[in-house]
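Asks: This is the structure I have questions about; it appears just below.
No value in this document is a laboratory result; all are computed from the given coordinates. From a predicted model like this one, the values you see are computed outputs, not experimental measurements.
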């Protein structure tokens, strides 16, 4: 039990005032235990915000606890699931899904157009088609055929695709910023103009990562084809593994950039990198699970010709849920790390 002299300092560290139009204090938690994060999953921002402020005054963490990926899921998996059951989280995920549907087709049209008319690379073009075939949960041939047609037609279609991509991509990052700020406890959101600039930068960065991943995969397949016969089983299997590994690295990189740069506040890179890795791996596993379950949903019978859009928006919603769950996991793990750091320092003192 601490002395009375420590009470003012504790209160000062647990009251944060916003500079936005709405000024309100963050209530001080009842205790310093990370168990509060599990007990009150609706408000993860309280310990996350307080411990973030304390972490800024401390140096690196060299505790004896090994923060493995499985350890993170074991410690905070249940509270993350409870967090994902909130109404607000579903609202953010649906908003992300709607804008993702608006952006994915213009993005693919622009990508195919750039590869075809700027890079003139048949290998990269084929890699994109293979990635589309693997990523789309259903109706792959129909979607790919129409995307190829749109990318081959010269005219205003590519310009309109670029405009729609800019509008829809910023629509994705706007609700994500609000959600991430809530998770980390940053009470002031960016202005509309600043959010548009950040969203544009993230959209360009994600596009660059995707292009680098495609170029790397095409180069690896070209080298592999010169060593092994293109039609052998070994060559096809090795090419598929290379393509998936490159796409996975790009996905993890995109998650990391979103977790690290999108919140309107200082987020340590080491706090979000493990969550980006976990989310990337889980999203890949969830995609194959979704493809297996999809035939049982009878989407074609219910929605008819609109089934393609429905399957895509459902998958985008699940991806948004995974993304927000990874953000919560990173905030919870950072709180646990700083608490362990503080206890180690107290024991050493």
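Asks: Please say if the stretch 126-187 is rounded, prolate or oblate, where rounded means a/c under 1.5 for a ≥ b ≥ c the square roots of the C-alpha gyration tensor eigenvalues, and otherwise the choice is prolate for a/b larger than b/c and oblate otherwise?
Replies: oblate
Asks: Taking a ≥ b ≥ c as the square roots of the Cα gyration tensor eigenvalues, with a/c under 1.5 meaning rounded and otherwise prolate when a/b beats b/c, else oblate, which class fits the stretch 87-146?
Replies: Details: a/c = 3.08, a/b = 2.05, b/c = 1.50.
Here the stretch 87-146 falls in the prolate category.
Asks: Relative contact order for the stretch 83-338: what percent, with Cα pairs under 8 Å and sequence separation of 6 or more?
Replies: Numbers: 255 pairs, mean separation 77.1, N = 256.
Across the stretch 83-338, relative contact order equals 30 percent.
Asks: Multiply the residue separation of residue 154 and residue 313 by 0.36 nm, subtract the distance between their alpha-carbon atoms, and state the gained length in nm to one decimal. Each step should come with its number before you reach the end.
Replies: Details: separation 159, 0.36 × 159 = 57.24 nm, distance 2.87 nm.
Net length gain for the segment: 54.4 nm.
Asks: State the extension gain, in nm to one decimal, for the chain segment bounded by residue 212 and residue 346, taking 0.36 nm per residue of separation less the distance between their alpha-carbons. Don't skip to the answer; put the middle values down first.
Replies: Working: separation 134, 0.36 × 134 = 48.24 nm, distance 4.66 nm.
The span from residue 212 to residue 346 would gain 43.6 nm if fully extended.
Asks: Mind checking the full-extension length gain between residue 163 and residue 122? Use 0.36 nm per residue of separation minus the Cα-Cα distance, one decimal, nm. Can you show the working numbers first?
Replies: On the way: separation 41, 0.36 × 41 = 14.76 nm, distance 2.61 nm.
Contour length minus the Cα-Cα distance gives 12.1 nm.
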